Ligand SMILES: Cc1cc2nc3c(=O)[nH]c(=O)nc-3n(C[C@H](O)[C@H](O)[C@H](O)COP(=O)(O)OP(=O)(O)OC[C@H]3O[C@@H](n4cnc5c(N)ncnc54)[C@H](O)[C@@H]3O)c2cc1C
């Protein structure tokens with residue numbers, strides 16, 4: 001079988017199909033590639049940002065693929081960073097516009113482990129690779145006995161893909177909101193606060209943990225998992241920024 005992780009990334013010419021805001025600060029952009037882009041759920045593309053670097057050189061920015069490998073189009077889920085060259089560029093692209101990406105990159109991929117619980121833990125757009133994993137054929141055709149998707153955001157209007165994750169059998173989608181409005185009835189706090197609150201009810205040692213998003217969250221969650229006795233082999237991570 002073709003080993004995708006070892007596949008050398010190549011450049012793809014792409015055309016944008018759609019651009020839409022999915023929260024007040026996150027947009028989803030969908031595009032097609034000039035030839036099929038084979039990837040494993042969890043991998044990312046490196047977008048070429050033309051002329052945005054020093055001396056007018058091109059820059060590159062990494063984005064996890066948020067759509068499943070079986071999906072016809074590539075979808076990205078991008079948080080707008082003020083004055084950020086990568087996000088400003090992608091946010092300007094509209095249907096019909098072209099872009100170039102190098103892909104596939106990354107070893108943060110979903111690995112089937114029979115009988116094991118799966119726990120995806122993300123902050124913000126760190127949920128993107130989990131959407132690809134959870135809707136991949138690999139996951140859907142052999143659903144884990146139980147799976148969780150934790151998503152940490154500041155305000156409840158930043159929750160991503162809730163309906164979609166909630167529709168997956170055996171999956172609990174748990175948004176945690178650190179600065180909610182008074183109307184919020186869900187969990188208040190960060191993903192680490194949630195994990196501390198579940199205590200021994202959680203099958204810590206029977207679970208594969210996938211962590212994605214900001215580096216601070218990942219460091220804290222790993223420390224907590226280590227206290228619970230979770231082995232390093234059961235923790236998989238992708239850091240977006242420190
Ligand atoms: C493997 C990998 C996959 C990634 N996938 C995604 C993705 O699917 N969606 C996505 O939005 N970003 C993703 N990122 C982050 C992305 O590569 C850029 O760093 C980000 O879009 C900012 O780029 P910029 O040029 O606009 O801003 P820059 O000027 O480069 O700003 C960088 C700063 O923006 C902040 N920042 C970066 N990413 C985020 C974020 N996601 N949410 C909040 N603040 C952020 C940090 O403070 C960081 O120091 C990924 C990063 C890596 C390494």
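If we scan region 7-15, do we find a residue that is surrounded by 19 or more Cβ atoms within 10 Å (Cβ to Cβ) and within 16 Å of the ligand (Cβ to nearest atom)? Steps first, answer last, please.
Of the residues in region 7-15, the ones surrounded by 19 or more Cβ atoms within 10 Å (Cβ to Cβ) are 12, 14.
If we keep only those that are within 16 Å of the ligand (Cβ to nearest atom) as well, we get 14.
Looking for residues that are surrounded by 19 or more Cβ atoms within 10 Å (Cβ to Cβ) and within 16 Å of the ligand (Cβ to nearest atom), one finds at least one in region 7-15, hence yes.
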key: Residues being buried (at least 19 other Cβ atoms within 10 Å of the Cβ) and within 16 Å of the ligand (Cβ to nearest atom) - total across region 191-235   = 7
message = Being over 20 Å from the mean Cα position of the chain (by Cα) and under 14 Å from residue 62 (Cα atoms) is the filter here; which residues of region 100-114 pass it?
response = 100
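Of these, 218, 168, which one is assigned by TED's automatic domain parsing to the domain that holds residue 142, assigned to a helix (DSSP H, G or I) and closer than 22 Å to residue 147 by Cβ?
On the way: 168 fails: assigned to a helix (DSSP H, G or I).
After applying the criteria, what remains is 218.
Need at least 2 residues that are over 25 Å from residue 25 (Cα atoms), away from the ligand (no atom under 13 Å from the Cβ) and at pLDDT 95 or above per element, so show me which helices (runs of 4 or more DSSP H) inside region 41-152 make the cut, counting only ones lying wholly within it. Let's see the steps before the verdict.
On the way: elements: 85-92, 128-134, 137-140.
In region 41-152, 137-140 are the helices (runs of 4 or more DSSP H) which contain 2 or more residues that are over 25 Å from residue 25 (Cα atoms), away from the ligand (no atom under 13 Å from the Cβ) and at pLDDT 95 or above.
How about region 16-38: which of its residues are over 24 Å from residue 81 (Cβ atoms) and either touching a residue at least 40 places away in the same chain (Cβ under 8 Å) or near the ligand (Cβ under 10 Å from one of its atoms) (or both)? Walk me through how you get there before you give the answer.
Taking region 16-38 as the starting set, the residues that turn out to be over 24 Å from residue 81 (Cβ atoms) are 32-38.
Residues satisfying the conditions are 32, 33, 37, 38.
Return yes or no: is residue 190 modelled with pLDDT of 95 or more and within 19 Å of the chain's Cα centre (by Cα)? Step through it out loud before you land on a result.
On the way: modelled with pLDDT of 95 or more: yes; within 19 Å of the chain's Cα centre (by Cα): yes.
Yes; evaluated as a whole, the condition is true for this residue.
The values are calculated or read from the model by the stated rules, or taken from the named source; none is laboratory data. It should be emphasised that the depicted structure is a prediction, and the values quoted were computed from it without experimental measurement. Ideal geometry is used to build each Cβ from the backbone, glycine not excepted, and the neighbour counts take in all protein chains shown.
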